[in-house]
Amino acid sequence: MKTDQDLIFEAYTKPKTLDEDFGNTNYDVDEPSCFERLEELMNSKPELASVLKPILDEMQDALMEIDKIDINNFDAQEVFNSLNRLYPF
């Protein structure tokens, strides 16, 4: 059985097609992302802004950290820490 670190390493180093190992990933690019839908909700319901804004900021920070990771100098712990901010494993 592969460890989490092995799976993360493979995910970042093995070239994949969009459909490989992920089932149907034909997302409609015109459809808003989860992040955009939460922003839309926050903007349409200002009373939720104090709750949603910190969450959206934290999500954005974590995603930016993931985006900065150098796949040629891959550190699985760094990826795990960033992903853990989005969804604790």
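The values are calculated or read from the model by the stated rules, or taken from the named source; none is laboratory data. Please read all numbers here as calculations on a predicted model, not as lab measurements. Counting neighbours? That spans all protein chains shown, and the Cβs are built from the backbone with ideal geometry, glycine included.
For the reader, a short list of remarks on this structure follows.
- Condition broken by VAL51, with the remaining ones in (1) among the hydrophobic types (A, V, I, L, M, F, W, C); (2) more than 19 Å from ASP4 (Cα to Cα); (3) modelled with pLDDT under 90 satisfied: (3)
- Filter result (assigned to a helix (DSSP H, G or I) and under 16 Å from ASP4 (Cα atoms)) within the range 65-84: ALA76, GLN77, GLU78, VAL79, PHE80, ASN81, SER82, LEU83, ASN84
- Among residues of the range 30-89, those that are among the small types (Gly, Ala, Ser) and exposed (fewer than 11 other Cβ atoms within 10 Å of the Cβ), counted: 3
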